[in-house]
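The values are calculated or read from the model by the stated rules, or taken from the named source; none is laboratory data. In this text, all values refer to a predicted model and were calculated from it rather than measured experimentally. Backbone-built Cβ (ideal geometry, glycine too); neighbour counts: all protein chains shown. All accessible areas refer to the heavy atoms of the entire protein, side chains included, with ligands and DNA or RNA removed. Shrake-Rupley method; radii C 1.70, N 1.55, O 1.52, S 1.80 Å.
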Amino acid sequence: MINRIKSLFALVLIWLAGVVAAQQQTLQSLAPFKVGCAINPDLLAKNPSYQSVVTEEFNSITSENVLKFGAVHPQKEVYDFAKGDFLVAYAQMHHKRIHGHCLAWHQSVPKWLSEFEGDSAAWENLLRSHIRTVLTHYKGKMEAWDVVNEAFFDNGTYRQDSVNAPHRYITFWRNHLGEDYIARAFEYAHEADPNALLFYNDYGQESNPAKLKAILAMVTDFKRRGIPIHGLGLQMHIGINTKDSGIAEAIKQVAATGLLVHISELDIKVNQKKDTAIIYTDSLKALQCRKFAFVVEQYKKLVPKKQQYGITFWNVGDGDSWIVKWEKIKDWPLLFDVNYRKKACYSYFYDALKE
Ligand code: 9MR
């Protein structure tokens, strides 16, 4: 009860911030497509600077972690939708699109699932009932889902490891159900919410042609078989040294499928060598800003308007970037600094949207 009151109070404060922000020129007011960010609901509820940047600048949000399997389905018989519901309420209040992330992945798997023993029918039932339960809960509220995340290795083969591998990322679904679990996950999602847009999402497609090719081949196969897929996510976790030609090629080829194209997790590392003494110099900033602008320019140029699902940043301020927080790398990968002030690259991104 107390948590519900706290959530309601936080939503009222956030609503007020939105009213104040309504008149300003922002990314969302300028962009010809949706501009989004991955959201941490705890920061949204507690940090006023985070709240105002998200409310003012973006018109799409993606659930960063709270709808991953381990978070939303922590015990076999328990689903926890509290934080996801908070994000949905926030999105509805501010008329923002909300994109669900993600239904089947090899990471963020709860302990009970990693210890589950059963034949392939039992595993199939787990996959189906998880997808059905989550999509039914959010039916009519969540516009889209990353149904399967990161199912391929960079060399284009299906991600796989031994069931007994002493590794924290075990590819359960592939191990127990074979690679066609991907197609079935899309079918289960479509059955549960026929109006939701369904995406396959992966990283490194701009640097690994074999991976890009494998994903495109999967789409061709899905189309031939009538498997419901509506979009592809190019995560775009890139760095200042990522080749422009690879970025353009990936966007072009993904657009050629005719599906929606989502730059789904954009951030640009300046510290690709993980140098602990690195300084964020003007020359590094210039390279980074140019790269942000390049991504927008290519997206506008290569993706037909009706396929422009949008560009989403992975996190909001440099301090909450997964690269800094989880990988513990000194870096500045986003458009806002640790205090959520606009950085130099904000203007480059903004101008590229406008031109
Ligand atoms: O940003 C996310 C981080 O907070 C989590 O600890 C991590 C594991 O769940 O996942 C990060 O997000 C990943 C996303 O879900 C899929 N693409 C790569 C992202 C960065 O690792």
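Listed by chain and number, the aspartates and glutamates whose C-alpha is less than 20 Å from the C-alpha of Lys96, apart from same-chain residues fewer than 8 away, are Asp42, Glu56, Glu57, Glu64, Asp85, Glu143, Asp146, Asp193, Glu265.
Under the rule a/c < 1.5 gives rounded, and otherwise a/b versus b/c splits prolate from oblate, where does segment 189-279 land using the Cα gyration tensor? Prolate shape, in that a/c is at least 1.5 and a/b is the bigger ratio. Residues Thr312, Thr157, Thr276 ordered from highest to lowest accessible area at a 1.4 Å probe: Thr276, Thr157, Thr312. Entry note, the chain: the mean residue ellipticity at 222 nm calculated from DSSP H runs of n ≥ 4, each adding -39500 (n - 2.57), is -13500 deg cm²/dmol after division by the residues and rounding to the nearest 500.
Calculated accessible area for the chain comes out at 44 Å² per residue, all protein chains present (probe 1.4 Å; ligands, DNA, RNA ignored). 3J(HN,Hα) along segment 53-70: 4, 5, 5, 7, 8, 10, 10, 9, 10, 10, 6, 5, 10, 6, 10, 5, 3, x Hz, from the Karplus curve 6.51 cos²θ - 1.76 cosθ + 1.60 with θ = phi - 60°, whole Hz, x for Gly and Pro.
For segment 180-247, run through the trypsin sites (Lys or Arg not before Pro) and keep only the ones in DSSP coil with at most 16 other Cβ atoms within 10 Å of their Cβ. Sparse-neighbourhood loop trypsin sites (Lys or Arg not before Pro): Lys243.
Backbone amide hydrogens, once placed in the peptide plane, bring Lys269 within less than 5 Å of Ile238, Gly239, Ile240, excluding anything fewer than 5 places away on its chain.
Of the accessible area of the chain, with the probe set at 1.4 angstrom, what percent is carbon plus sulfur? Please report the intermediate quantities before stating the final value.
Numbers: 8420 of 15680 Å².
So the carbon and sulfur contribution to the accessible surface is 54 percent.
Ordering Gln288, Leu43, Gly118 by Cα displacement along the dipole of the chain toward the positive end leaves Gln288 in first place; charges were set at the Cβ atoms of Lys, Arg (+1) and Asp, Glu (-1).
Using θ = phi - 60° in the Karplus curve 6.51 cos²θ - 1.76 cosθ + 1.60, the 3J(HN,Hα) couplings for segment 291-307 round to 5, 4, 5, 4, 4, 5, 4, 5, 4, 5, 6, 9, 9, x, 3, 5, 9 Hz; x is entered for Gly and Pro.
A simple count of charges around Leu334, restricted to other residues whose Cβ falls under 11 Å of its Cβ and scoring Lys, Arg +1 and Asp, Glu -1, yields -2.
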